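What follows is calculated from the coordinates using simple rules that are stated; it is not laboratory data. Nothing here was measured: the structure is a model prediction, and the numbers come from that model. Ideal geometry is used to build each Cβ from the backbone, glycine not excepted, and the neighbour counts take in all protein chains shown.
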Amino acid sequence: MVYGNKDMDDGKILIIDDVEMNRVVLGEIIKNMGYYPIFAENGEEALEIMKKSYPQLILTDISMPGIDGYELCKIVKENEKTRDIPVVFISAFDDPRDIIEGFTLGGEDYITKPFIPEIVKARVGVRLRLYEANRDLMQMNRRLQISVNEQLRQMELEKKNILYALANIAAQNACYEPEHMKRLGTNCRILAQGMQLSPLFEGKISDTYIETIELAAPLSDIGNIGVSTEILQKKADLTQEEIAVKQSHTSIGAKFLGDLYVNNDYNDFISTSIDIAHYHHENWDGSGYPEGLKGDAIPLAAQIVSVMEEYCTLTENTCSREEALEIMNKESGVKFNPDIYNICYKISRQLC
């Protein structure tokens, strides 16, 4: 018996037969083909060998004590690690029903006894060439998939960089501090982490969700790119028409991001960004815009950003952390989800 490592052993053919003479005859034929025979007397012994070494092809007798050839083939084909190994049955039986049974279980070929070396060589050679061609094709596909995935990842990264560049322009147009959007994302992540530990949000906040909201939050006001700087920077009171134009940044941002829906890997980030851009000005009591959503009808990501955007805006101007929280406390249950505000209050010392 020959043992190798658990990787596929090229050139090794596993021969299973309870008759020693059959193993010897087949072993000589396999050696003459330039391959290395591994021998097993029954199905149990063959499975023990395959726990340590995967052969390139299996030649198995059908009628054996214990695990017969049919059962062995079934076990091999049900195992994800061995199912691609070709199985060729060897038997003195040439009843078509026996042959069909072998094919039904996943066997690739059937050789009858007594062995004719030329037939064995031809059929084994065909199966090995097909197996090697299929393996080469799978490896090529894996390399291609890696290349495609890398290109998609690079494309997504470039698109995100463009989005952040536009979001920064929009923030500058609205007179936000240069680091405002980055700080907003960081604080949203900190708040989401605090919420993850609360039973109130159990099952709603995953590690992936936390990463996504940190990336998506800075795009909340990207729609300001479509609003004139005259309106965004106007110091005097806005007219009703100007207010409507300014509020339209939510719909502009959501539509702009919605047009970027491309593939599944990108969609979690984009869908969360859309929810935030569209609904972060909705209020808990239904008095916000653009849809007038109320309570938990407001997407959770937008609720989180609403709280953190207020905190960041207040503390970037004239308010201390304590003063900002006091102002926000009065808006809890009106503008903000009170449960989210309470968590924000508890973890506020962690906020930047």
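Measuring nothing but how far apart in sequence close Cα pairs (under 8 Å, 6+ apart) lie, relative to its length, the chain scores a relative contact order of 11 percent. Ordering of 164-174, 298-308, 202-212, 134-144 by packing is 298-308, 164-174, 202-212, 134-144, highest average first (other Cβ atoms within 10 Å, averaged per residue). For a straight C-alpha distance cut-off of 18 angstrom, the aspartates and glutamates reachable from LYS113 (same-chain residues fewer than eight places away being disregarded) are ASP17, ASP18, GLU20, GLU28, GLU41, ASP61, ASP68, ASP94, ASP95, ASP98, GLU101.
Chymotrypsin sites (Phe, Trp or Tyr not before Pro), restricted to the stretch 276-352: which are DSSP loop and have at most 10 other Cβ atoms within 10 Å? Kindly include the intermediate steps, with their values, before the conclusion.
On the way: sites: TYR279, TRP284, TYR311, PHE336, TYR341, TYR345; in loops: TRP284.
Qualifying residues, ordered by number: none.
Over 21 Å between Cα atoms: which of LYS182/LYS294; LYS31/LYS74; LYS246/LYS335; LYS234/LYS255 fall into that group? Please list the in-between numbers first.
Numbers: LYS182/LYS294 28 Å; LYS31/LYS74 27 Å; LYS246/LYS335 19 Å; LYS234/LYS255 25 Å.
Exceeds cut-off: LYS182/LYS294; LYS31/LYS74; LYS234/LYS255.
Straight-line cross-link partners of LYS52 among the aspartates and glutamates, defined as a Cα under 16 Å from its Cα and at least 8 positions apart when in the same chain: ASP7, ASP9, ASP10, GLU44, GLU80. Where does helix 180-196 land angle-wise versus the long Cα axis of the chain, in degrees 0 to 90, nearest 10? Taking Cα atoms only, the helix is inclined about 60 degrees. Taking every DSSP helix (H) stretch of at least 4 residues in the chain, weighting each as -39,500 (n - 2.57) and dividing the sum by the residue count yields a mean residue ellipticity at 222 nm of -18500 deg cm²/dmol. The residue among ILE205, ILE90, SER271 whose Cα reaches farthest toward the positive pole of the charge dipole of the chain, with charges on the beta-carbon of Lys, Arg, Asp and Glu, is SER271. Against the chain, whose longest principal axis comes from its Cα atoms, helix 321-331 is set at around 90 degrees.
Suppose a student asked you for the relative contact order of the stretch 202-347, using Cα pairs under 8 Å spaced at least 6 residues apart; what percent would you report? Mind dumping the intermediate values first?
Details: 174 pairs, mean separation 28.7, N = 146.
Contact order relative to length: 20 percent.
Against the chain, whose longest principal axis comes from its Cα atoms, helix 264-279 is set at around 20 degrees.
Near GLU71: Cβ cut-off under 13 Å, other residues only, Lys/Arg at +1 and Asp/Glu at -1. The net charge is -3.
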